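None of the figures in this text is laboratory data; all of them are computed from the coordinates on show. On a predicted model such as this, the values are computed, not experimentally measured, just so you know. Neighbour counts run over all protein chains shown; Cβ positions are idealised from the backbone, glycine included.
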Amino acid sequence: MRVSELSQRSGVSVASIKYYLREGLLASGTQTASNQAIYGERHVSRLRLIRSLIDIGGLSISKVRATLAAVDDGSTALHDAFGAVMHGLDDLPSEAESADVATAYAEVQNWLSARGWHIEPDAPAPHRLAELVATLRRFDFPVSLTDFDGTANFVQRTVDVEVQYARAMPDRTAAVETMLIGTVVYERAFVEVRRLALEAASFRADRAPRSSELDVHVPRRN
């Protein structure tokens, strides 16, 4: 297919396709003339992944490049290719953590160890969780890492299925794209479910009878 058809099939503009070609994110097509090339289905799949990384994952071009390098390197374990996506979704702290965040981070590490969850040392997620815990405590929320045990148990069951589903994809590109979309979209879905639960809980609390309304006045016997 020509670049115009590739654009139509993938939903990516010709200008963006040419940019990805210049950046080395997309392999060149087969040259048919000095200024013409033809492209195949692998280019359609690659563009889908690139757009997913950018539009859904919010990854920068440099992070997209690193992720694609892990996808293309057949000697890289699929787990590490997944890791390139997971770690690309966030950044490590750019400066020294405050004392309360450092304390929370140590608690996060102990919690992960107690759960038997192996997390790479350069993973941003433990730092982000520590920052969130520290922020809650600054507002006097009595939060501890064990408060997340129930959520962690539920999530563990769902992600086991998610990982197996991604690994069952026909190739590494499809597997990484599936893992990315599942991660980002499920996370957003969990957030929306929690917000719905909060609104429902507030509604129930607002309409719950006051303690005074529950008092039953029994007339005295003469």
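Summary of computed values
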| quantity | calculated |
| --- | --- |
| Rounded if a/c under 1.5, otherwise prolate or oblate - the chain, Cα gyration tensor axes | prolate |
| Sites matching chymotrypsin sites (Phe, Trp or Tyr not before Pro) across the stretch 89-167 that sit in DSSP coil, with at most 13 neighbouring C-beta atoms within 10 Å | TRP117, PHE139 |
| Net charge contributed by nearby residues that have their C-beta within less than 13 Å of ARG137 (K/R +1, D/E -1) | -4 |
| Rounded Å value of the spacing that divides the Cα centres of the stretch 138-160 and the stretch 82-137 | 14 Å |
| Folded to 0 to 90 degrees: helix 125-138 orientation relative to the chain principal axis, Cα | 30 degrees |
| Restricting the stretch 87-165 to GluC sites (Glu not before Pro) in coil, as DSSP defines it, with at most 10 other Cβ within 10 Å | GLU95 |
| Cα→Cβ-extended label distance, 7 Å offset, between VAL193 and PHE141, nm | 1.8 nm |
| The chain: relative contact order in percent, alpha carbon pairs under 8 Å with at least 6 residues between | 17 percent |
| About the Cα centre, charge dipole magnitude for the chain (Lys/Arg +1, Asp/Glu -1 at Cβ), debye | 800 debye |
